[in-house]
1. Please pick out the residue among 74, 36, 97 that is in contact with a Lys or Arg (Cβ under 6 Å, 6 or more places away or on another chain) and either at pLDDT below 95 or not hydrophobic (A, V, I, L, M, F, W, C) (or both).
2. Those residues that are of a type in the set (Ser, Thr, Tyr) and out of contact with any helix residue (DSSP H, G or I) (no Cβ under 7 Å at 6 or more places or on another chain), I need them from the range 98-133; list them, please.
3. Name the helices (runs of 4 or more DSSP H) wholly inside the range 20-127 in which the number of residues that are without any contact (Cβ under 8 Å) to a residue 40 or more places away in the chain and open to solvent by less than 60 Å² (accessible area, probe 1.4 Å) is 2 or more.
4. Identify, please: which residue in the range 186-207 is open to solvent by 80 Å² or more (accessible area, probe 1.4 Å) and not in a helix (DSSP H, G or I) and is, among those, modelled with the lowest pLDDT?
5. Can you tell me how many residues in the range 130-163 are surrounded by fewer than 19 Cβ atoms within 10 Å (Cβ to Cβ) and farther than 22 Å from residue 91 by Cα?
Amino acid sequence: QIEREDPNAAQCLKLLAYFDNQDVWYELLHAGANDSAQLWFVEITKDAAAFESVMSVLADYCFVECRLETESYSLHACVHDWLLNGLNEVLDERKYSTAFDCTANSIHKDDWEILSTLKYRRIASHAVRLGHKRFRSILSNPNFVAVNSETIFNVANLLHEQTQHAVSEVMYQQALAGVEKALGPDHTSTLVTVHSLGILYRDQGKL
């Protein structure tokens, strides 16, 4: 019924499986809009009104709930599970990449020293979702890693600073695989990634 009423809303509903279920807001999705984004995503993120229009359709069908205090939307855990295991039984790499871009691009380049603060906690919850075990097949895909190794590294840094060590480790390992293959084991970027992974191991007590 949603697909008949608003195809963009139906696509958005599928996309929400790749985010955390507690806090989705316009600026988060808008951060992922770029030249390579799919047309439906560009349309729903072109401005706040377009985003609200799509989310109001999903709210009418009780798939999402508006959270006025944070000007965001949430999904019930059961709905969220159904989106991933039912509606996205076959994973969509483009939607996963979109969610990755939204999360990574929400990390401002001047904020590297404050990634551990409350400001980035709401971003970190979506970064944790990107490391869900269902998504590991995409995250470890050499083609995905080759294109996104720098982005993966940035998300790993955020997770590390937010003490999400298990997921951060996975991200660092994939980023390392990407830069090592592309640039070689002795390149500065490779060594920076090794260094960051080493600090994470130290923080975990894995001496």
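1. 74 is the lone residue from the list that is in contact with a Lys or Arg (Cβ under 6 Å, 6 or more places away or on another chain) and either at pLDDT below 95 or not hydrophobic (A, V, I, L, M, F, W, C) (or both).
2. 117, 125, listed by residue number.
3. Values: elements: 26-30, 39-44, 48-60, 77-82, 93-104.
Correct list: 39-44, 48-60.
4. Looking at the filtered set, the residue picked out is 207.
5. 3
The values are calculated or read from the model by the stated rules, or taken from the named source; none is laboratory data. Since this is a predicted model, take the numbers as computed values, not measurements. Reconstructed Cβ throughout: ideal geometry from the backbone, glycine too, with neighbour counts over all protein chains shown. Surface accessibility is based on the protein's heavy atoms, side chains included, excluding ligands, DNA and RNA. Shrake-Rupley method; radii C 1.70, N 1.55, O 1.52, S 1.80 Å.
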